[in-house]
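In what follows, a single structure is set out as structure tokens and then discussed.
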Amino acid sequence: MELVPYLSDSTDTATEKIRVRIRQNALLAKIACKCIRQKDVALTVYKTIYLSHSTPGGFLANERWVAHELAHVRQFMTYGYIRFLVMYLAESLRKGYFQNKWEAEARAQEEKTDILQEFYFEYQL
Ligand SMILES: [Zn+2]
């Protein structure tokens, strides 16, 4: 077994990009449109972004929007799939969609488009 210095190993991990899947024309996102009364929705569940009407190209061209959804990917990664889902839904029931603290946090991240560098995207039709 090869022994590698701790520092070089952690550098490798830091530069490894996280794969995010994008699904177009997604029923889940279309239902969300009706719930929050928006014409076009991106809905993030763990490392998948579901788009209601946008194409993946149109979505990715809007860096602020991408940064917002990637903030949700980070939230899922921080707290874990099920745990974050429960936390998010509980918060939504208490405060609704726009007042939800996880949405507030994601909106605050929209300026920080540097986050895009940490990810790569796979399209799924
Ligand atoms: Zn959001």
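Any read-out appearing in this document is the output of simple, stated calculations on the displayed coordinates, not a laboratory observation. From a predicted model like this one, the values you see are computed outputs, not experimental measurements. Cβ: placed from backbone, ideal geometry, glycine included. Neighbour counts: every protein chain shown.
Brief remarks follow.
- Test: I49 is more than 12 Å from the ligand (Cβ to nearest atom), crowded, with 18+ Cβ neighbours inside 10 Å and not in a helix (DSSP H, G or I): no
- Residues of the stretch 92-124 satisfying the condition of being among the charged types (D, E, K, R) and either touching a Cys at 6+ places or on another chain (Cβ under 7 Å) or within 12 Å of the ligand (Cβ to nearest atom) (or both): K101, E103, E105, R107, E110
- Taking the criterion of being assigned to a helix (DSSP H, G or I) and of a type in the set (S, T, Y), the residues of the stretch 85-110 that qualify are Y88, S92.
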